[in-house]
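A short write-up of the structure that comes next.
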Amino acid sequence: MTEPSLPLQAAIRARLVAASAVTSIIPASAIVDRNATPALDNSIVIGEAMTGPDDGLARHRHMIVADVHVWRKEPGLVGTKQVVGAIRAALSDGPLSVPGFHVVDLRIASSRFLRDPGGHHSHGILSLEARLVEIA
């Protein structure tokens, strides 16, 4: 079995790449898991996550907190907030399919918007909470 956040990350990326509202702003090739800050001038960076046991005695239930970072080359925060809105809509468009797991719940825990001290980029962080159960 793989670490549960990895197939969740792949499912999130697949959902975002398939959402025209997202890819009309950020190209699918810029929805990535890579190191560098900012990774690209206009990008969505996924991959950071924390996994822990979910409620109950069963050891096949997992709670994952995952961050999705949005980077835009812009002097304000408008574009970043538009991208986060498109991500919210894409993730709420029906159940998420994660191979090997049943997604019991996926919710947006928070969104934060930060200004680049240099004034060239805006940064949004969308924090997701997911509850997954392993499928036997």
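Amide H contacts under 5 Å for GLU48: ASP67, restricted to partners 5 or more places along the chain or on a different chain, H placed in the peptide plane at 1.01 Å from N. Length available on full extension from VAL104 to VAL17: 0.36 nm per residue minus the Cα-Cα distance, which gives 29.1 nm. For segment 6-103, the list of trypsin sites (Lys or Arg not before Pro) that fall in a loop by DSSP and count at most 16 other C-beta atoms within 10 angstrom reads ARG34, ARG59.
Remark: relative contact order (segment 1-90) = 28 percent; criterion is Cα-Cα distance under 8 angstrom and separation of 6 or more residues.
About its Cα centre, segment 5-134 has a charge dipole of approximately 180 debye under the convention of +1 per Lys or Arg Cβ and -1 per Asp or Glu Cβ, with nothing else charged. Between amide H atoms placed 1.01 Å from N, distances below 5 Å from HIS121 occur with GLU74, ASP116, all of them 5 or more places distant or on a separate chain.
Any read-out appearing in this document is the output of simple, stated calculations on the displayed coordinates, not a laboratory observation. The structure displayed is predicted, hence computed values, not measured ones. Every residue, glycine as well, gets a Cβ built from its backbone with ideal geometry; the counts of neighbours run over all protein chains shown.
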